[in-house]
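For reference, the structure is listed below as structure tokens.
The values are calculated or read from the model by the stated rules, or taken from the named source; none is laboratory data. This is a predicted model, so every value here is computed, not measured. All Cβ positions, glycine included, derive from the backbone under ideal geometry; neighbour counts span all protein chains shown. Surface accessibility is based on the protein's heavy atoms, side chains included, excluding ligands, DNA and RNA. Shrake-Rupley method; radii C 1.70, N 1.55, O 1.52, S 1.80 Å.
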Amino acid sequence: MSKMTNGQILAFEQLHEIETASEGVLSIDYEKKPDKDRANAIIGVSIKCGSYPHKEGGLIFRERESFEVIVSSNFPFQKPEVKTTHERFAGFPHVQWKRYLCLYIAPDIEWSSSDGMYGFIERLK
């Protein structure tokens with residue numbers, strides 16, 4: 001069984017802080033720690049999206065949307081990845097392989113390790 005790295009522990013701690021401060025906007029639904037078959041940690045979150053405005057031809061959000069945040073052993077020096085738990089966003093811009101969301105077009109420039117999960121979740125919202 002793989003142990004969580006200090007970076008992955010930091011990601012979990014930061015997400016719990018975000019959950020507490022969000023007053024229900026973000027909820028942690030489950031956590032999967034690395035194991036013998038997977039080096040990444042996975043954190044299932046849901047975000048309240050019902051108040052997001054809809055534009056013609058754009059995504060239609062449900063009241064809450066669920067995502068999986070994938071945290072590598074190199075966090076915060078490597079950005080997390082995020083994917084939906086469904087395929088409803090497939091075919092929209094910045095959605096790859098039906099479920100993976102591209103939040104950073106130029107990660108080397110846009111991702112700031114010092115922002116950690118705070119900056120990542122802000123970008124996801």
Relative contact order (%) - criterion: Cα under 8 Å, at least six apart; region: the chain: 21 percent
Spatial separation of Cα centroids for the range 81-108 and the range 1-57, in angstrom: 16 Å
Full-extension gain in nm, Glu110 to Glu17, via 0.36 nm per residue minus C-alpha separation: 31.2 nm
Test item: Cα-centred dipole of the chain, Lys/Arg +1 and Asp/Glu -1 on Cβ, debye: 380 debye
Solvent-accessible surface (1.4 angstrom probe) belonging to Arg64, in square angstrom, nearest 10: 90 Å²
Lys55 - accessible surface, heavy atoms, 1.4 Å probe, Å² rounded to 10: 150 Å²
Rg/Rg_globular for the chain, with Rg_globular taken as 2.2 N^0.38 Å and Rg from C-alpha atoms: 1.05
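Suppose accessible area is computed on protein heavy atoms with a 1.4 Å probe; arrange His16, His94 from highest to lowest.
Sorted by accessible area, descending: His94, His16.
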The range 1-68 pair-distance distribution - Cα-Cα, 5 Å bins, rounded %: 4, 16, 19, 19, 14, 12, 9, 5, 2, 0
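May I ask you to derive the relative contact order of the range 1-55, considering only C-alpha pairs under 8 Å and at least 6 residues apart, and to give it as an integer percent?
On the way: 57 pairs, mean separation 19.1, N = 55.
Computed value for the range 1-55: 35 percent relative contact order.
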Residue-level accessible surface for Thr20, protein heavy atoms, 1.4 Å, Å²: 110 Å²
Mean ellipticity per residue at 222 nm, deg cm²/dmol - from DSSP H runs of n ≥ 4 across the chain, formula -39500 (n - 2.57): -6500 deg cm²/dmol
Where Tyr118, Tyr30 fall by accessible area, highest first, once all protein chains stay in place (1.4 Å): Tyr118, Tyr30
